[in-house]
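Q: Dropping a structure here in structure tokens format, bear with me for questions.
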Amino acid sequence: MSEVVRLTLVSHAMTDATAAGRFPTDEPLNALGHRQADAAVELGVIDAAHCGPEKRARQTAELLGLSAAVEPQLADLDFGSWRGAVLGGVAPADLAVWLTDPARAPHGGESVVDLVNRVHGWMDGLAFQRGRLVAVTHPAVVRAAILVALDAPPKSFWRIDIAPMSRTVMNFRGHAWTLRSSS
């Protein structure tokens with residue numbers, strides 16, 4: 001085991017909701033998502049693997065050959081009443097509030113601030129581990145983790161693009177997370 005925690009966050013593969021610009025439900029990967037995960041590069045030596053509880057995260061982990069423990073704190077942002085809706089179908093005023101005020105959740109789900117706090121708590125728990133960890137999760141969770149590592153304000157959340165099957169690598173050494181790479 002290493003004296004540092006190396007965390008690789010993998011954003012789940014493509015789903016129909018992702019392709020259509022819909023707020024996700026607990027949908028499976030689509031055909032493209034299966035091909036993306038099948039074509040993924042080997043992750044190397046891993047000491048522990050985690051994944052979000054949603055079907056798309058679990059399927060991606062399985063296709064990557066990971067025996068991942070389901071971690072509720074890696075769940076996607078709760079989109080509340082917007083689940084399954086297309087972005088253009090949301091009232092513009094509600095969408096504007098959500099995109100500009102990270103403490104608000106006009107959809108009755110989870111705010112960005114709540115998500116960042118949840119992910120921060122999960123990352124704090126990893127600080128006591130050592131070795132190479134992989135977590136298959138959602139773009140929103142990866143964005144939140146980047147904000148935690150950079151100690152960036154929640155209003156920066158929407159300025160980070162996370163593609164399906166992208167990898168974000170962070171290290172925890174001593175007392176702080178550092179962002180190593182994102183691809």
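No lab work stands behind these numbers, since they all come straight from the coordinates. Keep in mind the model is a prediction, meaning the values are calculated, not measured. No Cβ is skipped: glycine too gets one built from the backbone with ideal geometry, and neighbour counts run over all protein chains shown.
Q: Taking H placed 1.01 Å from N in the peptide plane, check which residues at least 5 places from Asp76 or on another chain put their amide H under 5 Å from its amide H.
A: When sequence neighbours closer than 5 places are left aside, the close amide H contacts are Glu54.
Q: Using 0.36 nm per residue of separation minus the Cα-Cα distance, give me the extension gain between Asp101 and Asp38 in nm, one decimal.
A: 18.9 nm
Q: Take each complete run of DSSP H in the chain, measure how far its Cα atoms stretch along the helix's own axis, and keep only those covering 15 Å or more with mean Kyte-Doolittle hydropathy at least 0.0; list them.
A: Qualifying helices: 112-126, 139-150.
Q: Something else now. How big is the charge dipole of the chain about its Cα centre, in debye rounded to the nearest 20, if each Lys and Arg gets +1 on its Cβ and each Asp and Glu gets -1 on its Cβ?
A: In total the dipole reaches around 360 debye.
Q: Over the Cα atoms of the range 80-183, Rg to Rh with Kirkwood Rh, two decimal places?
A: That ratio equals 1.00.
Q: Under a 5 Å amide H to amide H cut-off, with H placed in plane at 1.01 Å, what residues pair with Ser182 once short-range neighbours are removed?
A: It is Val169, by chain and number.
Q: What relative contact order, as a whole-number percentage, does the chain give when Cα pairs under 8 Å and 6 or more residues apart are counted?
A: 33 percent
Q: Using 1/(1 + (r/R0)^6) with R0 = 22 angstrom and r between the beta carbons of Ala127 and Ser166, what's the FRET efficiency to the nearest 0.05?
A: After rounding, the FRET efficiency stands at 0.40.
Q: Based on the mean of other beta carbon atoms within 10 Å per residue, what is the order of 105-114, 66-75, 80-89, most packed first?
A: Packing order, densest peptide first, comes out as 105-114, 66-75, 80-89.
Q: Could you tell me what percent of the DSSP beta bridges with both partners in the chain are antiparallel, to the nearest 5?
A: The answer is about 50 percent antiparallel.
Q: Evaluate the distance, in nm, between pseudo-label points positioned 7 Å from the Cα of Ser81 and of Asp151 along their respective Cα→Cβ axes.
A: 3.9 nm
Q: Give me Rg over Rh for the range 31-107, both radii from the alpha carbons and Rh done the Kirkwood way, two decimal places.
A: Rg/Rh: 1.10.
Q: Can you give the three extents of the C-alpha atoms in the chain along their principal axes, from longest to shortest, in whole Å?
A: Cα spread of the chain along its principal axes, largest to smallest: 50, 37, 24 Å.
Q: Ranking request for peptides 45-52, 10-17: highest mean number of other beta-carbon atoms within 10 Å first, then the rest in descending order.
A: 10-17, 45-52
Q: If amide hydrogens are placed 1.01 Å from N in the peptide plane, which non-local residues have theirs closer than 5 Å to the one on His50?
A: The answer is Ala69, Val134, Ala135, Val136.
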